[in-house]
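Data first, discussion second: the structure below is written as structure tokens.
The values are calculated or read from the model by the stated rules, or taken from the named source; none is laboratory data. Since we're looking at a predicted model, the values are computed, not measured. Using ideal geometry, Cβ is built from the backbone for each residue, glycine included, and neighbour counts are taken over all protein chains shown.
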Number of protein chains: 2
Amino acid sequence: MGVTIKDVAKAANVSPSTVSRVVQDSPRISDETKKRVRQVMNELGYFPNAMAQNLASKNTGNIGIMLPKPNDEEFNHPFFPEALRGISAVLRMHDRDILFSPASNAVEERRALQRMVLSGKVDGVVLLSSRISDELITWLYSINFPFVVIGNPRPLGLERICWVDNDNVEIGRMITQYLIDKGYEDIGIITGDLRFVVNIDRLEGYKQAMEAVGKSTSRAYMAEADVCEDGGYNAMLKILRNGKPSAVVTVDDMFAIGAMRACRDRGYVIPNDIGIIGVNNMNVDQYITPPLTSVEVYAYMLGKTAVELLLKRIEIGSEYSDHVIIHGRLVERASC
Amino acid sequence: MGVTIKDVAKAANVSPSTVSRVVQDSPRISDETKKRVRQVMNELGYFPNAMAQNLASKNTGNIGIMLPKPNDEEFNHPFFPEALRGISAVLRMHDRDILFSPASNAVEERRALQRMVLSGKVDGVVLLSSRISDELITWLYSINFPFVVIGNPRPLGLERICWVDNDNVEIGRMITQYLIDKGYEDIGIITGDLRFVVNIDRLEGYKQAMEAVGKSTSRAYMAEADVCEDGGYNAMLKILRNGKPSAVVTVDDMFAIGAMRACRDRGYVIPNDIGIIGVNNMNVDQYITPPLTSVEVYAYMLGKTAVELLLKRIEIGSEYSDHVIIHGRLVERASC
DNA sequence: CTGTTAGCGCCTTCAG
DNA sequence: CTGAAGGCGCTAACAG
């Protein structure tokens, strides 16, 4: 069923090793024989067997990616396809494929990553999120396997790891400051799972901005939830049970959308009664009513930059490491 | 760096083949030695090398997937992540990984698929869209490689191919009929690239419904565009230049959203002046104003069912083929 | 139930 | 510039 290197060799009257060298475009083969061999390869419809190549040469041409909760609703967050686009754009230029292992919880996730790496299916890995003291990061680092994380690998050796992240503290500060500047007084916050660094950071930014102007950050106006519309809805209701903030910072547009619905259900008008601001600049933001003010985080760029670092790390080796910070940009609309 | 099957064999005082059999949990190995060998595997931290396994056994554990335009904005359509979730949910149960090859146009796409398949990186492929007389389908079919398509593989041997699809003619008919029943008179349509079967079918459904009640389907009220918000916007403007339909069928919610914006820009109120209906029941639909009436197509189910068929096809062989039709469900909201 | 013997298809020294 | 030989790590008959 498969035509092998031997068949080509025979048909071209050369040795298998010569064919192998032609495949790799080795400079030690004369252009003439290259041409001839290539000719034969086409005629026979030869395609090198990737598995054999990998077995012999020790690299797979695959980059593994770990999505958070690929089997969960959360996976539908537009951030991921957008980051994937960036990843895929650069991988395309390098003729590499993307491998990903379905998993539905932390345990499976760990097992999946382990299998990918230890069984030699990938040359490197990109992690699309980071938890605080992330187990996966720790492990990959400890075995010295090439990887890059989209997110901050804190508190692990920041200097020795490849990572790309938004300045999430800054983003948290920026959106809070924006509300303060607009004259909002009592500003609450809805944040995601605080085991994820991105949420920790944005919350921290919020606190910094509040403290800077001497505002208190009461727990009554603070809620934590899973990043989805319902999460935002329920979180907002919870806050409203404690009082009525004049504005609410949400660390994600999904939250914002849910929160807006909750406000509406309680009879509040946005932005008059309550101002809402989000992060991620989802496509939807412009179509909802009122259009949602948000922060562009450049997911495409994050993905693109991440693999660029990873590819370098793979090429250069473990002495290489670098990181890139991508700044968010506030997108003003009408929700606050 | 890697502990191999030989190391385990030596340490456990058995032959490599025994270890191999333990790995595969062969029934021909005594529970006792299995236990012992497993013990040793753990102690040594042994992990089978996937490439070597594949090379020897001829299967990779990978399923390839072909997304349309993974490097394009269109890739951000929520349909794909949702279908992917379904795919990944069942693959997870089978310990298989997903491989995907970045490509940004039809040529690269073909090359990518070819490489994937011919170089033996995958055991099967799922195509996430189908064009009329699809080149990829034709090719996969001709080499008898296991694959499944989400979409209708027309006009190729429907009976001998695995596929899963919505009844898109029915969906087209249903939404058009809905508008007719609501009393709309002049009904236009915005459709996507007519090389894709899904668009052909929905358009066909529209025509059928119109003809059934003796309505003409003037070309003036018909527009074709790329499936995205801007496409819908421009298509709507084009239609509006030819007159004012009382309602417009769009084959995708992205279109609908763009069309609504165009209407608003022209001073029309939805649904009073113009009714709009879409397909896909995107999450957004409920948050826009007015909420968009649409059709749930069950992307998750499409993905899930697709791989189920594919897995069977791989297991049973080329004599197996089957297809599943998944019916859409109208979701009434306020846009018409 | 377990071991032996050949490869799977390619890459990579080492010769020439 | 090209060929021969050995091996990557595992599986799969075939013996026993």
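Can we say B:ASP285 is among the acidic types (Asp, Glu) and farther than 30 Å from A:GLY258 by Cβ? I'd like the intermediate steps shown before the answer.
On the way: among the acidic types (Asp, Glu): yes; farther than 30 Å from A:GLY258 by Cβ: no.
Spelling it out, it is not the case that B:ASP285 is among the acidic types (Asp, Glu) and farther than 30 Å from A:GLY258 by Cβ.
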If A:ARG85 satisfies all but one of (1) under 16 Å from the mean Cα position of the chain (by Cα); (2) within 16 Å of DNA strand C (Cβ to nearest atom); (3) of a type in the set (Lys, Arg), what's the number of the condition it fails? (2)
Restricting to the range A:99-109, name every residue that is within 13 Å of chain B (Cβ to nearest Cβ) and in a helix (DSSP H, G or I). A:VAL107, A:GLU108, A:GLU109
Take B:TYR298 and decide whether it is surrounded by fewer than 18 Cβ atoms within 10 Å (Cβ to Cβ), of a type outside the set (Asp, Glu) and within 25 Å of B:ARG92 (Cα to Cα). no
Can you run down the residue pairs with Cβ atoms below 8 Å, 6 or more apart or on separate chains, where the first is in the range A:13-37 and closer than 14 Å to A:PHE47 by Cα and the partner is among the polar types (S, T, N, Q) and near DNA strand D (Cβ under 7 Å from one of its atoms)? A:VAL22/A:THR33; A:VAL37/A:THR18
Inside the range B:13-32, can you point out the residues that are surrounded by 15 or more Cβ atoms within 10 Å (Cβ to Cβ) and more than 7 Å from DNA strand C (Cβ to nearest atom)? B:VAL19, B:SER20, B:VAL22, B:VAL23
Quick one: in the range A:38-93, of everything that is of a type in the set (Lys, Arg) and within 30 Å of A:GLY192 (Cβ to Cβ), which residue is nearest to DNA strand D (Cβ to nearest atom)? A:LYS69
Being under 27 Å from A:ALA52 (Cβ atoms) and more than 16 Å from DNA strand C (Cβ to nearest atom) is the requirement here; does B:LEU44 meet it? yes
Among the listed residues A:SER57, A:SER26, identify the single one that is among the hydroxyl-bearing types (Ser, Thr, Tyr), within 22 Å of A:PRO146 (Cβ to Cβ) and more than 16 Å from the chain's Cα centre (by Cα). A:SER57
Filter result (more than 11 Å from chain B (Cβ to nearest Cβ) and touching a Lys or Arg at 6+ places or on another chain (Cβ under 9 Å)) within the range A:110-128: A:ASP123, A:GLY124
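Residue by residue, here is whether (1) buried (at least 17 other Cβ atoms within 10 Å of the Cβ); (2) outside any helix (DSSP H, G or I) holds:
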residue: A:VAL149; (1), (2): yes, yes
residue: A:PRO155; (1), (2): no, yes
residue: A:VAL164; (1), (2): yes, yes
residue: A:ILE171; (1), (2): yes, no
residue: A:GLN177; (1), (2): yes, no
residue: A:THR191; (1), (2): yes, yes
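Residues to consider are B:LYS69, B:LYS6, B:LYS35, B:LYS10; find the one that is basic (Lys, Arg), within 10 Å of chain A (Cβ to nearest Cβ) and either more than 14 Å from DNA strand C (Cβ to nearest atom) or surrounded by fewer than 18 Cβ atoms within 10 Å (Cβ to Cβ) (or both). Before you say what the answer is, go through the steps one by one.
On the way: B:LYS6 fails: within 10 Å of chain A (Cβ to nearest Cβ); B:LYS35 fails: within 10 Å of chain A (Cβ to nearest Cβ); B:LYS10 fails: within 10 Å of chain A (Cβ to nearest Cβ).
Exactly one of B:LYS69, B:LYS6, B:LYS35, B:LYS10 is basic (Lys, Arg), within 10 Å of chain A (Cβ to nearest Cβ) and either more than 14 Å from DNA strand C (Cβ to nearest atom) or surrounded by fewer than 18 Cβ atoms within 10 Å (Cβ to Cβ) (or both), namely B:LYS69.
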I'm told B:VAL122 meets every condition in (1) aliphatic (A, V, I, L, M); (2) assigned to a helix (DSSP H, G or I); (3) touching a residue at least 60 places away in the same chain (Cβ under 8 Å) except one. Can you identify the failing condition by its number? (2)
Residues that are assigned to a helix (DSSP H, G or I) and surrounded by fewer than 22 Cβ atoms within 10 Å (Cβ to Cβ), drawn from the range B:86-96: B:ALA89, B:VAL90, B:ARG92, B:MET93
Can you tell me which of (1) within 14 Å of another protein chain (Cβ to nearest Cβ); (2) modelled with pLDDT of 95 or more is the one B:VAL279 doesn't meet? (1)
Residue in the range A:318-335 that is within 14 Å of chain B (Cβ to nearest Cβ) and at pLDDT below 95 present: yes
Odd one out for B:HIS77 among (1) at pLDDT 90 or above; (2) within 10 Å of chain A (Cβ to nearest Cβ): (1)
Could you tell me whether the range B:18-27 includes any residue that is closer than 20 Å to A:VAL117 by Cα and of a type outside the set (S, T, N, Q)? yes
Considering each residue of the range B:23-37, count those that are part of a helix (DSSP H, G or I) and within 9 Å of DNA strand D (Cβ to nearest atom), and give that number. 1
Which ones in the range A:57-66 are at pLDDT 90 or above and surrounded by fewer than 21 Cβ atoms within 10 Å (Cβ to Cβ)? A:GLY61
I'd like the residue in the range A:1-17 that is within 15 Å of B:SER119 (Cβ to Cβ) and in a loop (DSSP other than H, G, I, E, B) and, out of all such residues, is nearest to DNA strand D (Cβ to nearest atom). A:THR4
Check whether at least one residue in the range B:136-158 is over 30 Å from B:ALA212 (Cβ atoms), modelled with pLDDT under 90 and more than 14 Å from chain A (Cβ to nearest Cβ), and report yes or no. yes
Scan the range A:286-302 residue by residue and report those that are in contact with a strand residue (DSSP E or B) (Cβ under 7 Å, 6 or more places away or on another chain) and in a helix (DSSP H, G or I). A:MET301, A:LEU302
For A:GLU73, are the conditions met, namely being out of contact with any Leu (no Cβ under 9 Å at 6 or more places or on another chain) and farther than 30 Å from A:VAL295 by Cβ? no
What single numbered condition from (1) under 30 Å from B:THR4 (Cα atoms); (2) within 14 Å of another protein chain (Cβ to nearest Cβ); (3) out of contact with any Gly (no Cβ under 6 Å at 6 or more places or on another chain); (4) without any contact (Cβ under 8 Å) to a residue 60 or more places away in the chain fails to hold for A:ASN49? (3)
